[in-house]
Amino acid sequence: MTEGEIRRSSKVLVAAFIANIGEGHKFTKLELHEAVPDFSQVDRRMRDLRECGWVIDNYKVNPSLKPNEYLVQKIGVRIDLGERPPTPKRRTISGAKRREILERTGNLCAICGVPAGGSYPDLPGRRAVLTIGQIASDNPSGPGDENNLQAECHRCNEGHDSTANPPEWESVLAQAQDIGAKADKARLLSWMIAQRRTADDIERIFTQWRRLPRDDQDRVMAAFSNQVLASIEG
C-alpha cells in the first residue's frame, strides 16, 4: 500500500480516526463525518473494519450507548499504518438461492416494502433494484446462514449509512397507537416482532401480477375488474 493509496482510501481515514479515539473511548457519528469529510458511506467503511478485526459497538449491541454513539472495543489491523488487511472470504449465493430468498419476501424489500422495479414514494423517478442483504451482520452462524439473508433494495442495503438523526421513540409509539384499525395494529406488531416488513396475500398477488407480460396484465385486470364491479353492483 502506497502513501497515496493511504491518503485516498476512506476506509483508511476512518481507521485512523477511530485508532486515534482509542480503545475504551466513545465517539459520535457527527465526529466521524467531520473527521472524514467529502466521503460518502463512511459508516459503511467503519463496518468494513470488522473484517480487519476491529470491534466497534453501537446502541444495538450496547444499550448504554445513544443512537448516535459508538464505543471502540478493539482496534484491529492498522491499515492506516500500512498493515495489510486479511484476504476476505468470498461469499457467493447461487442464482437459485437468490431467487428463493426474493420469492420468500414476495420480491419486495424486506425493510421498506418497495417491489422490485417499483418506484420509491419519495423518489418517483428512481426504480428499486433488489439485492441480498444480511439481517444481522454479527450473526454467529456466519454470513452464509440462509436464515440471516433477506431481500433488500439497494437504497435500504446502503441506507444504514444514513446520517439523518433517528426519530424519537415517543413519536414512533404515538403514531403506532394512533392507528385506528385493530387489524392494522396487529399487522404492524407482527412486523416489529419479525424485525422486517412481511408481505400479505394482496401484496404478493400484486407483485406476481406486475411480473406478468403487459398483455397478460391487461387480461387479468380486465377479468378481475369485471368480478369487482359485479360484486359492487350486486
Subject >> Approximate spin-label separation His154-Asp201, in nm, with each point projected 7 Å along Cα-to-Cβ >> reply: 3.6 nm
Subject >> Least to most buried among Arg50, Arg84 (fewest other Cβ within 10 Å first) >> reply: Arg84, Arg50
Original post:
For Leu229 and Val129 in one chain, what is 0.36 nm times their gap in residues minus the Cα-Cα distance, to one decimal in nm?
Top reply: 32.5 nm
**OP:** For each of Arg126, Arg47, count neighbouring Cβ atoms within 10 Å of the residue's Cβ, then give the residues from fewest to most.
**Re:** Arg126, Arg47
Original post:
Listing Thr105, Thr87 from the residue with the fewest other Cβ atoms within 10 Å to the one with the most, what is the order?
Top reply: Thr87, Thr105
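Please give the FRET efficiency for Glu100 paired with Val61, using the beta carbon to beta carbon distance and R0 = 41 Å, rounded to the nearest 0.05.
Working: r = 29 Å, r/R0 = 0.72.
Efficiency, rounded to the nearest 0.05: 0.90.
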**OP:** List the GluC sites (Glu not before Pro) within segment 59-123 that fall in a DSSP loop (any state other than H, G, I, E or B) and whose Cβ has at most 14 other Cβ atoms within 10 Å.
**Re:** Glu83
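Tell me, in nm to one decimal, what length is gained between Leu81 and Asp215 on full extension, where the rule is 0.36 nm per residue of separation less the Cα-Cα distance?
Values: separation 134, 0.36 × 134 = 48.24 nm, distance 6.05 nm.
Taking 0.36 nm per residue and subtracting the Cα distance, the gain is 42.2 nm.
Computed from the coordinates by the stated procedures, all read-outs in this text should not be read as laboratory data. Predicted model only: the values in this text are computed from it and were never measured. As a convention, Cβ positions derive from the backbone with ideal geometry for all residues, glycine included, and neighbour counts pool all protein chains shown.
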